[in-house]
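**Student:** Before I ask anything, here is the structure I am working with.
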Amino acid sequence: MSDNSAQSQGLLFTTLAEQVKLPFITVKHAAELLRAHPNKDELERLLQTIALTSSSALKLIDSYLLSVRLQTESRLDLEPVSLSSVLYDTAESLESYAKAHDCEIELRLMGKFGPVMARRDVVQSALESLGYSFIDAASKPDTKTKITLAVRRTKHGMSTGIYSDVSKLNSGLLKQARVLKGVARQPLGDFSAGSGAGVFVADALFDFFDTSVRVARFENLFGLAAHLQPSLQLNLV
Amino acid sequence: MKILLLEPNRILAEQYSRFLEREGFEVTWCENAQDGVAAADELKPDIVILELLLAGHSGVEFLYEFRSYVDWLKLPVIILSSVTQASSGVSDATLAELGVGAYLYKPKASLSQIARLVRKSLKPELKKAA
């Protein structure tokens, strides 16, 4: 591994570690709440907290491990991947987390399109990691927030991403965040108070397809998306 | 006694609020500095619990703005952060200048410790109220 690559991995790991602290803190507090008030409601809350925060933390760790594992593969075998199918599965896996954050997931599949050349597990992992971060950042207290998962054809390829009615998300912010990854405590400062680990892990995964997370617009919504290249052969057929 | 809690993580905010409310405090939660300033103006809290890492506006910036209002100059502030003071780069001098009574690191701070610190910070007011 080159020095740059090792350093980049180190920064990504730091970002991940900062993000994963939070679920452990919430579980610790949930346990303390139960000890202080041992009743059925608190027990139920503890179990929900454990289930919810564990799933997002585990997803993030798994996505990170996937990115590390892929680095050791001598070549990445691509396959035709149906983005609509990936989005369905992503939406399903994000649903309970979204619901707990008063968010509603919406799927928008714009038009008919063929598969892209990618790896399904990598694309789904990237979108799920992105999704958890996005839900954390976009959800607002006492407000129902709609999170849109969309795929559509653009001049750059098939664009797939996650969108919402968010402000303070722009290309400059994301560009700066990449520089601050693992160094600043909140690289996505204006958009999110967290370490942005989900965004950077998604970036690392999309990098295997020579693409990256970018700020994108979908109708009147803003979000984070990646462009993937359609399979020209399969589209012809 | 009214607590203004500035905490960007919803789940943590709910936990802090629930525990502190059971300890007899009234808690208002804001997830960012902008809402925090507006809430402080409306609510006139007795104490502020603040995470330094707020989206769009750091906790320190919020404190400087907060302290610029005469009404809030002597309001007790506790920092409850997911970064250590050493990592935060905020010096003891700055904390003293901003009237921060305590700096707690979230992974180490228990809910009961937070409640005890709030009571200690509010002591003269609690005696007055009693």
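The values are calculated or read from the model by the stated rules, or taken from the named source; none is laboratory data. Keep in mind that what you see is a predicted model, and the values were worked out from it rather than measured. Every residue, glycine among them, receives a Cβ derived from its backbone with ideal geometry; neighbour counts consider all protein chains shown. Calculation scope for accessible area: heavy atoms of the full protein, side chains included, ligands and nucleic acids excluded. Shrake-Rupley method; radii C 1.70, N 1.55, O 1.52, S 1.80 Å.
**Student:** Please determine whether any residue of segment A:180-200 is at pLDDT 90 or above and out of contact with any helix residue (DSSP H, G or I) (no Cβ under 7 Å at 6 or more places or on another chain).
**Tutor:** No, every residue in segment A:180-200 fails to be at pLDDT 90 or above and out of contact with any helix residue (DSSP H, G or I) (no Cβ under 7 Å at 6 or more places or on another chain).
Per-residue answers, yes or no, for (1) under 15 Å from the mean Cα position of the chain (by Cα); (2) open to solvent by 60 Å² or more (accessible area, probe 1.4 Å); (3) not assigned by TED's automatic domain parsing to the domain that holds residue A:134:
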{"position": "A:170", "(1), (2), (3)": "no, yes, no"}
{"position": "A:182", "(1), (2), (3)": "no, no, no"}
{"position": "A:218", "(1), (2), (3)": "no, no, no"}
{"position": "A:223", "(1), (2), (3)": "yes, no, no"}
{"position": "A:226", "(1), (2), (3)": "yes, no, no"}
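**Student:** How many residues does segment B:47-75 hold that are modelled with pLDDT of 90 or more and surrounded by fewer than 21 Cβ atoms within 10 Å (Cβ to Cβ)?
**Tutor:** Result for segment B:47-75: 0.
**Student:** Which residues, counting only those in segment A:110-139, are in contact (Cβ under 8 Å) with a residue 24 or more places away in the chain and in a loop (DSSP other than H, G, I, E, B)?
**Tutor:** Within segment A:110-139, A:110, A:111, A:113, A:114, A:115, A:119, A:139 meet the criteria.
**Student:** Tell me the residue from A:76, A:58 that is loosely packed, with under 15 Cβ neighbours inside 10 Å, more than 22 Å from residue A:140 (Cα to Cα) and either small (Gly, Ala, Ser) or without any contact (Cβ under 8 Å) to a residue 40 or more places away in the chain (or both), please. Please lay out each step first, then the result.
**Tutor:** Working: A:76 fails: either small (Gly, Ala, Ser) or without any contact (Cβ under 8 Å) to a residue 40 or more places away in the chain (or both).
Criteria check complete, one pass: A:58.
**Student:** Could I ask something else about it? Which is without any contact (Cβ under 8 Å) to a residue 40 or more places away in the chain and not assigned by TED's automatic domain parsing to the domain that holds residue A:207, of A:11, A:52, A:47, A:66?
**Tutor:** The conditions single out A:47.
**Student:** A further question follows. Taking segment A:14-49, which residues are over 19 Å from residue A:129 (Cα atoms), among the hydrophobic types (A, V, I, L, M, F, W, C) and open to solvent by 30 Å² or more (accessible area, probe 1.4 Å)?
**Tutor:** Passing the criteria: A:27, A:31, A:34, A:36, A:43, A:47.
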